[in-house]
Each structure stands twice: as C-alpha cells, then as structure tokens.
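In what follows, a single structure is set out as structure tokens and then discussed.
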Amino acid sequence: MSLVAVLYNDDAKLCRGAEADRRAIAAVEGAGNAVAETLQRAGFAVQKVPTGRSGAALVAYLDALRPAVVFNMGESFAGSTAMEPHLAAMLELLGIPYTGNSPLTLALARDKALAQRLLEGYGLPVVKLVAVGNGDDLAESVLNGLTPPLFVKPRFEDASHGITSENFCASVTEARRRVADLSREFQQPCLVQEFLPGREFLAGVILDGQLLPLSEIDWQLPEGWPRILTGESKWMEESPYFRGTPVKCPAEVEEPLAGQLRDLARRAYQALECRDYARVDIRLDGHGAPHILEVNPNPDLSPEAGLARAASRGGISYDELIVGFVRHALARRTLVGGRDDPAA
C-alpha cells in the first residue's frame, strides 16, 4: 500500500487580523482533510503533515517518513507566502515525488509582475500594469499611460489577500493612498493595473494541458459597487460580496470567444511550464477583448471549490481528480542525486 503524505498549511501567522484571512486558512485545512479522506477511500495509506513546525523538523520528518509521494498543498511556511516555492524545492532535494507545480513555476507565478512579462513575451494579451514600491513612487510618469480607474493589489499575494473594495481606485490619488497602505501592511511592492470592466472567466487546466469547462463570475453586486473579487467574495459566505459574486459553470460563452479563452488558458499553462493543475483568470476589456489577469498554480482543491466544480461539470469526480494527480506525480519518479528514488 503506497503511503501519501498530505502537506498542508496550518499557519496562523498568516492572519493579519482580517476575518477573510482566518477563513482562508480554515479552508486550506479543510481541503487537506478532504484530500486525505479521498486518498484513503482509494486505498492509499495517508499521513497528514501540517507545515507548522521548524524547517529542520519538517525536513527530518519527511525524510524519515519516506512517503511514495507528497500531495503538496503548501502555500506558505513560517508565516511567509514567499516560502511556497521552497516547500516544493525541499521535496526535490529529498527526492520525494510530489503533486503540483515545480519550484520554478510557483516562484514565477507568485511574482505577478514577472509572470505577466513572461506571458507577454510569449505573445499573450495581459492586463497592463506597473510595479511600485510605495505610494510616493506612483507619479504620472511611472503609470506609463495607465489612466483611472485603476486596480491595486500586492505583488506577491494570492487568495485575494489584501483585496477589498478600496483596491478599486477612481483616481491616481486614491491609488497612491492604497499602494502606501498595502505596502506597509504586506511589506512588499504593489501592482497598479488598468481596470478591465468586462466579463471575468476562470479556466482550469489539469495534467498535461486538459482544459476543464470554463467558469464565469456572475456579477450580482449592488449598483455602483466595483466588479472585483475581494477576500470576502471568496471566504465569507455571509458577506454581500460573496452573495454578489456567484460562479456559473459551465459558462455561457459563445464562439469565437470561447475558443479564444481556451487557447489563452492552455498557452499560459504551457508558458509557465505548469503541471498537474492551475487556474488561469481572464477578463474582457471594454471592447470585449480577453486579457490574462494571472495564473494561479496552487488553487483551492476543496471539493466545493472552482477547480473541482469545473472538473465535475466535465465528467471528472472529485475522487478521480485527486487520485489522478497522485498517479501523475508517481509517474514522474526519476533518479535523484545519482541513486534510485527510495520511493520508487
């Protein structure tokens, strides 16, 4: 019986006082439990491994455990999301196969400005943005032609951390103020990007480029509210932002737009050398042209979350999805450090 270690976050240090942050961490733990239960039903031996220990202790534990594969759901370590790629790198050094994306892909996608430049280099349409360190950096010359309304977000965060209605800025002055606040709170640069007013689509891609049915945000927010996905939209069911942003899957989208969205998602997945799974977020501009917002190489894998929902609409059950990722990771067993992988 193959042993699978489910690596997941239980790091309360990620909370910055926001209720949405606490809900997000609880959701990660819930996803870890769901994955573990799914693999047990499939006949695997399972050991859950939370990341809330020292780096040396985590390395020693996994090295002694020697699972056949790690189901890697780690998004941070020691309170820092910057450590996300290093968890995968640790598994590479230990010679243990793991699910999900490589350290390089995780690092590239985490730096949203760098990822956008890479995608643009591949000829893909991306949202226009500039990276700034603090509010004082946001001079007209730095905006490089961007005009309000603008959208501000931390450069290195995901899961809508730091995203509230205040991130929609109707003026440069508002954007400067928001950049200053976020830079101070998250201790990192920010991105200021053009606000695209059109429809927003979520495209899940799995394994070697298999596209899942498209999803679309069904905007039902009160009149005058900016159409953005905040932390509350994702994690707080009682919030009007959550209730006002249901997701339609499959999306009702006509050709040739549907084909364009699928093509962009597949090409973005390939450009960042994603594997196993990723979600590509795409939004339309005022003329109906699609632009890539970002690529998420470590999306929520809860049974009720977007990737699982899209897979289900495509005829793939949650159990099939999760077990498929493990099978795919096991197939990647290679020689490591000049010796046979001990999990092989």
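The values are calculated or read from the model by the stated rules, or taken from the named source; none is laboratory data. In this text the structure is predicted, and so the values were computed from the model without any measurement. Counting neighbours? That spans all protein chains shown, and the Cβs are built from the backbone with ideal geometry, glycine included. All accessible areas refer to the heavy atoms of the entire protein, side chains included, with ligands and DNA or RNA removed. Shrake-Rupley method; radii C 1.70, N 1.55, O 1.52, S 1.80 Å.
What nm value, rounded to one decimal, do you get for the distance between E254 and A289 when each label is placed 7 Å out toward the C-beta?
Between E254 and A289, the simple spin-label model gives 2.0 nm.
For the chain, which whole-number percentage of the solvent-accessible area (1.4 Å probe, protein heavy atoms only) is attributable to carbon and sulfur atoms? Numbers along the way, then the final one.
On the way: 7480 of 14640 Å².
C and S fraction of accessible area: 51 percent.
At a Förster distance of 35 Å, what's the computed FRET efficiency of V142 paired with E238, Cβ-Cβ distance as r, to 0.05? All intermediate terms of the calculation are to be shown ahead of the outcome.
Details: r = 39 Å, r/R0 = 1.11.
Rounded to the nearest 0.05, the efficiency is 0.35.
Show the residues, 5+ positions off or on another chain, whose built amide H is closer than 5 Å to the amide H of L207.
D276, Y277
Classify region 203-344 as rounded, prolate or oblate, taking a ≥ b ≥ c as the square roots of the eigenvalues of its Cα gyration tensor: rounded when a/c is under 1.5, otherwise prolate if a/b is larger than b/c and oblate if not. Please report the intermediate quantities before stating the final value.
Details: a/c = 2.27, a/b = 1.76, b/c = 1.29.
Judged from the Cα gyration tensor, region 203-344 comes out prolate (a/c at least 1.5, a/b above b/c).
What is the list of residues in region 94-127 whose amide nitrogen lies under 20 Å from a point 7 angstrom out from the Cα of R332, following Cα to Cβ?
Only 94-111, 115 fall inside the zone, counting backbone N under 20 Å.
Given the peptides 96-107, 53-64, 197-208, 114-125, arrange them by the average over their residues of other C-beta atoms within 10 Å, most packed first.
Working: 96-107: 22.1, 53-64: 13.0, 197-208: 20.6, 114-125: 15.8.
The most tightly packed comes first, giving 96-107, 197-208, 114-125, 53-64.
Need one word for region 111-210: rounded, prolate or oblate. Basis is the Cα gyration tensor (sqrt eigenvalues a ≥ b ≥ c); a/c below 1.5 gives rounded, then a/b vs b/c decides. List each step's numbers first, then the result.
Working: a/c = 1.75, a/b = 1.58, b/c = 1.11.
Cα axes put region 111-210 in the prolate bin.
Keeping every protein chain in place, order L143, L211 by accessible area at 1.4 Å, biggest value first, i.e. largest first.
Numbers: L143 0, L211 45 Å².
Ranked from most to least accessible, the order is L211, L143.
Given a 1.4 Å probe and the protein chains all in place, what does the accessible area of E320 round to, in Å² to the nearest 10?
110
Leaving ligands and nucleic acids out of the surface, order K248, K153 by accessible area at 1.4 Å, largest first. Walk me through the numbers before you get to the answer.
Details: K248 65, K153 20 Å².
The residues order as K248, K153, largest area first.
Gain in length, W225 to A56, computed as 0.36 nm per residue apart minus the alpha-carbon separation, to one decimal in nm? Display every interim value, and only then the final one.
Details: separation 169, 0.36 × 169 = 60.84 nm, distance 4.72 nm.
Taking W225 through A56 to full extension adds about 56.1 nm, to one decimal.
May I ask you to evaluate 6.51 cos²θ - 1.76 cosθ + 1.60, the Karplus curve with θ = phi - 60°, for each residue of region 51-60 and list the ³J(HN,Hα) values in order in whole Hz, giving x for glycine and proline?
Once θ is set to phi - 60°, the couplings for region 51-60 become 7, x, 8, 5, x, 5, 5, 5, 4, 5 Hz.
Relative to the present Cα-Cα distance, how much length would full extension add between R177 and R41 at 0.36 nm per residue of separation?
Working: separation 136, 0.36 × 136 = 48.96 nm, distance 5.09 nm.
Length gained between R177 and R41: 43.9 nm.
Given a Förster radius of 41 Å and the C-beta distance between L65 and R266 as r, what FRET efficiency does 1/(1 + (r/R0)^6) yield to the nearest 0.05? If you can, show how the numbers build up before the last one.
Numbers: r = 36 Å, r/R0 = 0.88.
Computed FRET efficiency for L65 and R266 comes out at 0.70.
Among the lysines, which have Cα under 24 Å from the Cα of K248 when same-chain residues fewer than 8 positions away are ignored?
Of all the lysines, those that pass the test against K248 - Cα under 24 Å, at least 8 places apart if same chain - are K234.
With θ set to phi - 60°, apply the Karplus curve 6.51 cos²θ - 1.76 cosθ + 1.60 along region 315-332 and write out the HN-Hα couplings as whole Hz, x wherever there is a Gly or Pro.
Once rounded to whole Hz, the list reads x, 10, 6, 4, 4, 4, 5, 5, 5, x, 5, 5, 4, 5, 5, 4, 6, 8.
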